[in-house]
Amino acid sequence: MDDQPTRDVEIMSEAANGLATTILVVEDEENIANLVRFYLEKAGYRIVVAADGAKGIELHAREHPDLVILDLMLPKVHGRDVLKQIRQWSQTPVLMLTALRGEEDRIAGLDQGADDYLTKPFSARELVSRVRAILRRTAPRPATSTETLRFPGLLIHPATRRVEIDGHAVELTAKEFLLLLTLASAPDQVFSREALLSRVWGFEYLGDSRTVDVHIGTLRRKIERDPAQPRYVKTLWRAGYKFDPQGEAESTGDAPHA
Ligand code: CA
């Protein structure tokens, strides 16, 4: 699932602050560059376009983009060499565009440090979804709190990884603790399963969102008085999970089963 309401809101408010995620598009075909710009601007990103490889390298050095969309066949400097150059000074994620369907070409691109590739022609929808996916998995992990978090009936000590429920310590596994800390560090913020996977488990586990549900289940059995009516970790149907700082039980707290 690529729909992440919270992320969209973030992007829009960043754009309003002049801190929008910047994407450098290195593409010599003007109509493709314009389409890419159109759809990504609509998705809330700031776009800078370079029409050849040399300009691409120059703009990368100047703009420090958050992501580069890089065409392979470029005038002046070939896309492969642009990538090589960029990799000498940064780990900016790169989405390669290629007109070639050859497996070899694709592997070469990924070998040289591209994060993903798209074969032309591609749909706007696919482009936007790939861009979001790359940015999501390369995004810096949000800072979790290092100070003791206090909620009604619940204390979380990040430094010692100690959790107390109604004054009694509970034993959590490392993942359960990180899951709870991630949620409780941003009370009321809705985290999709995918977001929790990438934050708690890291990129390599992307794709198996049931892992999150399983761990939420074991976490609830340890911290909730009634895991079926959770006070702290609430399920938002189809959206994910959030931490309720009030610690109030609600009878509809769990997901309806489809
Ligand atoms: Ca080209």
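Things to note:
- Across the range 213-258, the qualifying residues are those that are of a type in the set (Lys, Arg) and modelled with pLDDT of 85 or more, and the one among them that is surrounded by the fewest Cβ atoms within 10 Å (Cβ to Cβ) is 221.
- Selected residue [part of a helix (DSSP H, G or I), surrounded by 20 or more Cβ atoms within 10 Å (Cβ to Cβ) and either at pLDDT 90 or above or in the same structural domain as residue 20 (by TED's automatic domain parsing) (or both)] from 74, 83: 83
- Helices (runs of 4 or more DSSP H) fully within the range 113-198 counting 1 or more residues that are of a type outside the set (D, E, K, R) and exposed (fewer than 13 other Cβ atoms within 10 Å of the Cβ): 174-184
- Taking the criterion of being more than 10 Å from the ligand (Cβ to nearest atom) and aliphatic (A, V, I, L, M), the residues of the range 49-69 that qualify are 49, 50, 54, 57, 59, 61, 67, 68, 69.
- Filtered by the rule that a residue be within 18 Å of residue 138 (Cβ to Cβ), modelled with pLDDT of 75 or more and surrounded by fewer than 16 Cβ atoms within 10 Å (Cβ to Cβ), the range 89-112 gives 89, 90, 91.
- Residue match in the range 46-57 (condition: within 24 Å of the chain's Cα centre (by Cα), within 15 Å of residue 22 (Cβ to Cβ), assigned to a loop (DSSP other than H, G, I, E, B) and not aliphatic (A, V, I, L, M)): no
- Out of 9, 25, sole residue that is of a type in the set (A, V, I, L, M) and either crowded, with 19+ Cβ neighbours inside 10 Å or modelled with pLDDT of 90 or more (or both): 25
The values are calculated or read from the model by the stated rules, or taken from the named source; none is laboratory data. The structure presented is a predicted model; accordingly, all values stated were derived computationally and were not measured. Glycine gets a Cβ as well: all are built from the backbone with ideal geometry, and neighbour counts include every protein chain shown.
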